[in-house]
């Protein structure tokens, strides 16, 4: 478009009258082909008629369907389709360098025991076969972490307090078949002072020598955690159980922390 929607709408009184007479369904079809941020920030301000279309569930429900943002359960639609759409569109992994493609950039090594953390190949494929590298632990305690600042990632304090979206955690880990290993993870939701609001800290997972070498997934969903969440602290790691020189401990990759629409689709 060579002109903004407001310029077109106000350019001529006859065209204004014509636009006013058009069915709302026509505006809806036009808005479905306009970038979503422009729909909200520009089109919505043009007139009361346009505002009604932009604020309608129908527009955002159709936009979700066209872009493939589907409900897990069609019997529980979201309370706010526009919010559901933007949460789906903006969903991304908040962890940096989750698959060890950039060595240890993005991670703080808080324990680096034995022969220290290393980078290795995945050895056996993951369900996501594009992942080729993993972080490898040694015979001493090896733990690394990231601190996620939610506001810097685009999630304002008001949004986190009022919506309290699901926070979905995923981590993939595997032992070697020729050495026992221990895997551990701790994820905390933190307030502005970095004090814990809620914590996911399951018991360590212990693999015996000779365990079949296949990838395991650790998952958790934080729900209804209350107001005040401003940071997410993510820590994981482990070691081997044989105390062998080298790096025979747990192998970790494809970690993720995502802000999501509620898993039951009701925001």
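Within this structure, residue 194 fails the test of being in contact (Cβ under 8 Å) with a residue 12 or more places away in the chain, part of a strand (DSSP E or B) and exposed (fewer than 14 other Cβ atoms within 10 Å of the Cβ). Condition first: at pLDDT below 95 and touching a strand residue (DSSP E or B) at 6+ places or on another chain (Cβ under 8 Å). Can you find one or more residues in segment 156-164 that meet it? Taking every residue of segment 156-164 in turn, none turns out to be at pLDDT below 95 and touching a strand residue (DSSP E or B) at 6+ places or on another chain (Cβ under 8 Å). Considering every residue within segment 84-101, establish whether at least one is over 30 Å from residue 164 (Cα atoms), free of Cβ contacts under 8 Å to residues at least 60 places away in the same chain, more than 18 Å from the chain's Cα centre (by Cα) and not assigned by TED's automatic domain parsing to the domain that holds residue 245. Scanning segment 84-101, I find at least one residue that is over 30 Å from residue 164 (Cα atoms), free of Cβ contacts under 8 Å to residues at least 60 places away in the same chain, more than 18 Å from the chain's Cα centre (by Cα) and not assigned by TED's automatic domain parsing to the domain that holds residue 245, so the answer is yes. Of the residues making up segment 231-250, those that are closer than 13 Å to residue 141 by Cα and in a strand (DSSP E or B) are 235, 236, 237, 238, 239, 240. Kindly indicate whether residue 234 is in the same structural domain as residue 139 (by TED's automatic domain parsing) and under 20 Å from residue 134 (Cα atoms). Spelling it out, residue 234 is indeed in the same structural domain as residue 139 (by TED's automatic domain parsing) and under 20 Å from residue 134 (Cα atoms). Screening residue 63 on (1) over 30 Å from residue 253 (Cα atoms); (2) in a loop (DSSP other than H, G, I, E, B) shows it passes everything except condition (2). Only one of the numbered conditions (1) modelled with pLDDT under 75; (2) over 22 Å from the mean Cα position of the chain (by Cα) is not met by residue 62, and that is (1). Would you mind stating whether residue 84 is closer than 30 Å to residue 185 by Cβ and either modelled with pLDDT of 95 or more or in contact with a helix residue (DSSP H, G or I) (Cβ under 6 Å, 6 or more places away or on another chain) (or both)? It is false that residue 84 is closer than 30 Å to residue 185 by Cβ and either modelled with pLDDT of 95 or more or in contact with a helix residue (DSSP H, G or I) (Cβ under 6 Å, 6 or more places away or on another chain) (or both). Could you tell me whether residue 225 is in contact with a strand residue (DSSP E or B) (Cβ under 8 Å, 6 or more places away or on another chain) and crowded, with 16+ Cβ neighbours inside 10 Å? No. Of the residues making up segment 66-106, not one is assigned to a helix (DSSP H, G or I) and under 20 Å from residue 172 (Cα atoms).
The values are calculated or read from the model by the stated rules, or taken from the named source; none is laboratory data. Just so you know, these numbers come straight off a predicted model, no measurement behind them. Note that each Cβ is placed from the backbone with ideal geometry, even for glycine, and that neighbours are counted across all protein chains shown.
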